[in-house]
1. A:E275 versus A:R263, label points 7 Å from Cα toward the beta carbon: distance in nm?
2. Report the FRET efficiency, 1/(1 + (r/R0)^6), for A:D251 and A:R391, where r is their Cβ-Cβ distance and R0 is 30 Å, rounded to 0.05.
3. Taking the Cβ-Cβ separation of C:H104 and C:D478 as r and a Förster radius of 45 Å, what is the calculated FRET efficiency to the nearest 0.05?
4. State the three equivalent ellipsoid semi-axes of the stretch C:3-296, derived from the C-alpha gyration tensor as the square roots of 5 times its eigenvalues, in descending order and whole Å.
5. Sum -39500 (n - 2.57) across every DSSP H segment of at least 4 residues in chain C, then divide by the residue count to get the 222 nm mean residue ellipticity, nearest 500.
6. Report, in deg cm²/dmol and to the nearest 500, the calculated mean residue ellipticity at 222 nm for chain A, where each DSSP H run with n ≥ 4 adds -39500 (n - 2.57) and the sum is divided by the residue count.
7. Based on the inverse mean of 1/r over its pairs of different Cα atoms, what is the Kirkwood hydrodynamic radius of the stretch C:302-403, in Å?
8. Over chain A, with the other protein chains present, what is the accessible area per residue in square angstrom, probe 1.4 angstrom?
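The values are calculated or read from the model by the stated rules, or taken from the named source; none is laboratory data. These numbers come from a predicted model, not from an experiment. Ideal geometry is used to build each Cβ from the backbone, glycine not excepted, and the neighbour counts take in all protein chains shown. Ligands, DNA and RNA are stripped out before the accessible areas are found, and what is left, the full protein with its side chains, is counted by its heavy atoms. Shrake-Rupley method; radii C 1.70, N 1.55, O 1.52, S 1.80 Å.
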Amino acid sequence: MSEYTLSGARTALRDGSVSARELIDAALDRAAKTEAELHAFLTLDHDGARLAADAADAEFAAGRDAGPLQGIPVAVKDNMVTRGIETTAASQILAGYVPPYDATAVARLKEQNAVIVGKTNMDEFAMGSSTENSAFGSSRNPWHTDRVPGGSSGGSAIAVAAGSAIVGLGSDTGGSIRQPAALCGVVGMKPTYGLVSRYGLIAFASSLDQIGPLTRTVEDSVTALEALAGHDPLDATSYRGDRPDFRTGLDGGVAGLRIGVVRELSGEGFDADVETAFRRTVDLLSEAGAEIVEVSLPSMETSLSAYYLIAPAECSANLARFDGVRYGSRHDGATVEEMMTATRADGFGQEVIRRILLGTYALSAGYYDAFYGQAQKVRTLVIRDFESAYRRVDALVSPTAPTTAFEIGSKTQDPLSMYLSDVCTIPSNLAGDPAISVPVGCDGDGLPIGFQIMAPALGEAVMFRVAHTVEQLVGFEQRPPMLEVWA
Amino acid sequence: MPIDIDIAHVARLARLGLSDAELSHYQAQLAVILDHAARVQEIDTEDVKPTAHPLSMVNAFRRDEVRPSLDRTEVLEQAPEHEDGYFRVPPHLETQ
Amino acid sequence: MSWEPVIGIEVHVELKTNSKMFCGCRADFGAAPNTNICPVCLALPGALPVPNEQAIEWIVRIGLALNCTIAPESIFHRKNYFYADLPKNYQISQYDQPVCTTGHLDVDLDGETTRVAINRVHQEEDTGKSIHVGGGGRIHSAEATLLDFNRAGVPLVEIVSEPDIHSPAQARAYAQQLRSLVESLGVSDAKLEEGSMRFDANVSIRPTGDEELGAKVEVKNMNSFRSLERALAYEIDRQTEVRESGRRIPQETRHWDEAAGITQSMRSKEGSSDYRYFAEPDLVPIVISEERREEIRATLPELPHERIARYVESGLDPHAASVLVSGEMGLGALFEEAVQNGADPKQVANWLTGETTAYLRKRETTIERTALTAAHLVQMTGMLTEGRLSSSAAKDVLAGVLEGEGSPEDVAAARDLIQMSDTGAIESAVDSVLASNPDALEKLRGGDMKPFGFLVGQVMRATGGKADPKVVNEILRDRAAR
Ligand SMILES: [Mg+2]
Ligand SMILES: [Zn+2]
């Protein structure tokens, strides 16, 4: 019961073969059985979730239907604020903080009678690629509990992979949805910048952050995005056009599509098994009628460097508000200045401090032009590279991450090697384009491998179409082996 | 280009009260990361305009309409310290 | 050596929009602490700003009224600095692409007009308010700061002049004329006492004739036009003294201490400031098309310099016209209303720019705080025309009205200042004076006018000063001609 897809549960809820209450009880039961090992959640809202499920069942009984999410258990990353439910972004500085309002994405879930299971673990303020940077303890990969789940949306990826939720909400600033999706063997997508409101998403890097869904199938991803996307007057960067059609052509296959393989996103630093699975998938697309072209995007190589200047710069300002004055934790001091410096040094973890320092430096007098300013110009080049590629191809593909799930603790002492996990995913954030990761197999250790499909801004339909085809062609059916034990 | 970082100054700007040991730890890490990040300087960006934002949108405004404010009690409940409807903090340096 | 002061002024004007700059909270003054706050202006985690369209329209208005270039595209920046009353610990402001650039304001002072160039006019947001409180009894522990965020996020427009100002009086005139401009645009209360208009000045001195600017000292905390003028005068003297003793002026920020009448160096908080400006990623550019700009231009009301021209055309002298328009706030409105209700423009102008302005200066108050209304002015000038009030009595009457003693009729009656204009009564007084002074009358009749003044004086004395001198004159002439 807890391994329903969204479309399966949607049908079952409507034909009466399952109730929302049964779905949430199964999800909470699965969480109860797995939390000690996986630690996917920071808060489980048992009472609120059951109430919401009962309310959804009442809606069904009354013949009211607020859409495909009605009655569906959804796990929400803890950097989206939830009214009345503790929201910490996995930081000590927000321990105990209870927001007085809902993020727009959360409000949309509620309006559509989805059932929020709880708030999921993450890297503190979404800074990290392993969910090890949580102030409240690491999460573990359901495929192998000595491995990281990826990050920063690790908790949401685990919840979906392990059956504690049908849909997970994540946020993706440099790959934080796609990379954990790849490492946990689920589908994770980052929409075009602006499609999903950022209002109530605790900002990491405002010009890069996007909320998106983690699901078990591509079709579920489409459905979830349809539920989340839409203009929000509370977000000045929210897309104002009509919501694009994401679904048309989903089953149309790839015959006649031109698909570009990004030359720079392979080779050195990429696991052999990852490369093999990637090539095999590209061959399948070719056999299915896609025209495969190799594409060179020279700026990819510096995009990581640009990202690690732009994102920290924005974060250094975004995180300035955590000062012990209005909310969150406080470390006392004789003066307000002492209080602030002690509160911040105390409340932030090492990775957050590292990035704040990095961003502050990159923006400071005398260094702006050489670092931040130059990074913004490289960003322009990344956008140009993509634009010129999309004049020749309909979509681009690459591995989602250079490796499969690595061992817990193996990269925590070497920030730069951790940052390299995001080399394939970062360019789409810089460009504001949509991208999705689909599982396409496992490596020799039985760990999942993700395949990334990128498309131009608002090109979700073609991205989903390729992703859906890949899913059909690959037929990835594997589930974390421990599921049998946890069931 | 060799990276020089006045880490104590940067930490002061960011209001991070770090010990000397912590400062030198972060300084070493930043040097490595910035050395990598400095690759952006090797790219020829003459005539390239900076991109601050991926959107080409302009003029996102709101009408000048009053919306309900938050309940003060609920807000102050989250404050580390409050008094008579105000947030309370230790005094500023200058007022000492 | 003679020194030339060089002054640039930054003016912050709070706009009187209904809601704040980036959220829907009320932007009004005086609410209970922390009642006009929301996730956005309190910088709760996750909140995002959305700019107020009205504020943008109004800054364009201000820019157009100051003859500025309106940027076809401008953007917001983040100005990063930590301060407890700044919730985000950055201010959303503008940096190198403000809405308005390069304008000017023509400043009238003592009949001379100087052009002060405007460097820029940009949009930003206000901070919250800090209240410093003393200890709760224990000696060492309890000083604290209390914070109210009602004002945080109220739209501010910053108007930055070029260093084109060369005297404290000129600085005051610039500030006053800027205020009347902003007031006439209807975009701000522009009340100094409520902080809805605030000044900072950059002051330096240089040997007269030098081109190069001296070290710039920023002077803050001037809460009235008078304190602006005093603070600048003090600062120029101070700098002159320092330079003449051969020392250097360090670049710094100084605080004007109104009570002590001096400026004092502010201990710098963290050495030099480094605001780490960068483009605000939560907002998109502001694009103002030519059509939109012209549409806004068409809504501009009559501007102060246009109004001055109109007054001069209607017969006022230029000085009075400029005092009415650019002087103490509210004079212009009183003038317009009184004239509309039938009062003689020249007379009203005289009373407002003369006695009334002197009264306000002496009392260091504003016209709003006095009891004077347009109806009072209509009544008083009417009494003057009717001859029921002498102009010297009118001075007393006006003072009483300003003090709140009632209408001109009430004050004149209470102070027994009504003039005798009953011709019959004055005639009999004249005749009895002439009867007692037959020699004087003889002289008059013989064409010797020397005793005329003496006779007028006698009649005035006989009537207790209430006779209308004009009427006395007429009657005396009549008797002399007989
Ligand atoms: Mg300012
Ligand atoms: Zn607000």
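1. The modelled label-to-label distance comes out at 1.6 nm.
2. So, using R0 = 30 Å, E works out to roughly 0.65.
3. It comes to 0.15.
4. Those come to 31, 27, 18 Å.
5. That comes out to -11500 deg cm²/dmol.
6. -12000 deg cm²/dmol
7. Averaging 1/r across every pair of different Cα atoms and inverting gives 13.5 Å.
8. Normalised by residue count, the accessible surface of chain A is 28 Å².
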